[in-house]
Structure formats: C-alpha cells, structure tokens
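Each reported figure results from applying straightforward, stated rules to the coordinates on display, with no laboratory input. Treat the numbers as computed from the prediction; the structure is a model and nothing was measured.
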Amino acid sequence: MSPKRLARIMAYARVQRAFRRDRKRCAEMFLDGTWEQDETTLTLEEQEPFWRSIFFAESEVDERPVPKAQEHWSIVDPVSYEEVAKAIADSEESAPGPDGITLSELKLISPALL
C-alpha cells in the first residue's frame, strides 16, 4: 500500500471517529480543512503534571452513611423436585439450549435426575 493511500485511509478514519464523537465539531474540522492534519497527542512529559496532581492529591473522606442491605438467604436454598417439575411443565417448546437438549427430551427425564 502506498504512503499516500495509507495517509488517505488514516484521514478517513479520523473523520469517522470525529463524526461518531461530535458531529458539529467534525463538520467544523472538515470545513476549516484540519481534517487532513495528523492528530497530535501530548508527550508523557506534557501529560505528567496533569495526572500527578490527580493521583497524588489527598483523597477526601466519604462520610455518607452506608445503608444496611437486607439479606435474603432464601435465594440460596436448594431447588426442590417439585419446583423443577413445575418449571418444566409450565414451559413451552423452544429451541434447544447449548447442550442440544430439547424441552420434550427434558420432559421424558424424571425431575429427581435433573
């Protein structure tokens, strides 16, 4: 691929990214001709003061009250045979699951074995 073609592909990709992010800004970029320019990024040395002030700042203490959640231990109770039988009986025929077993095949098996 020629360097000219690669540059054109990269410029097209920049316009597409800009369009997805902000259509108005993309239109302005296209109209003023800056869409053909390479995107500039800051060097690590230029970025460091910004990030240093964030990562090395003293954290504020969060003094909001923490609500006490009500625990429902019933969701970890074992599933009974009756629940399995009712779930299978109440189900309508559908596509088999990832294991390839259909509902009609499950209905032939005893709930105790499931």
Those aspartates and glutamates that a straight Cα-Cα span of less than 15 Å connects to Lys24, excepting residues fewer than 8 apart in one chain: Asp32
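Under the definition of Cα pairs under 8 Å and six or more residues apart, what whole-number percent is the relative contact order of the chain?
Answer for the chain is 14 percent.
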Given (1) 2, 7, 9, 8, 6, 6, 5, 5, 6, 8, 11, 13, 10, 4, 0; (2) 2, 7, 12, 14, 13, 9, 8, 5, 5, 5, 5, 5, 4, 3, 2, 1, 0; (3) 2, 11, 20, 24, 20, 12, 7, 3, 1, 0, the label whose value is P(r) over Cα pairs in 5 Å bins from 0, in percent derived from this model: (1)
Potential extension, Asp22-Ala85 segment - 0.36 nm per residue separation minus Cα distance: 17.3 nm
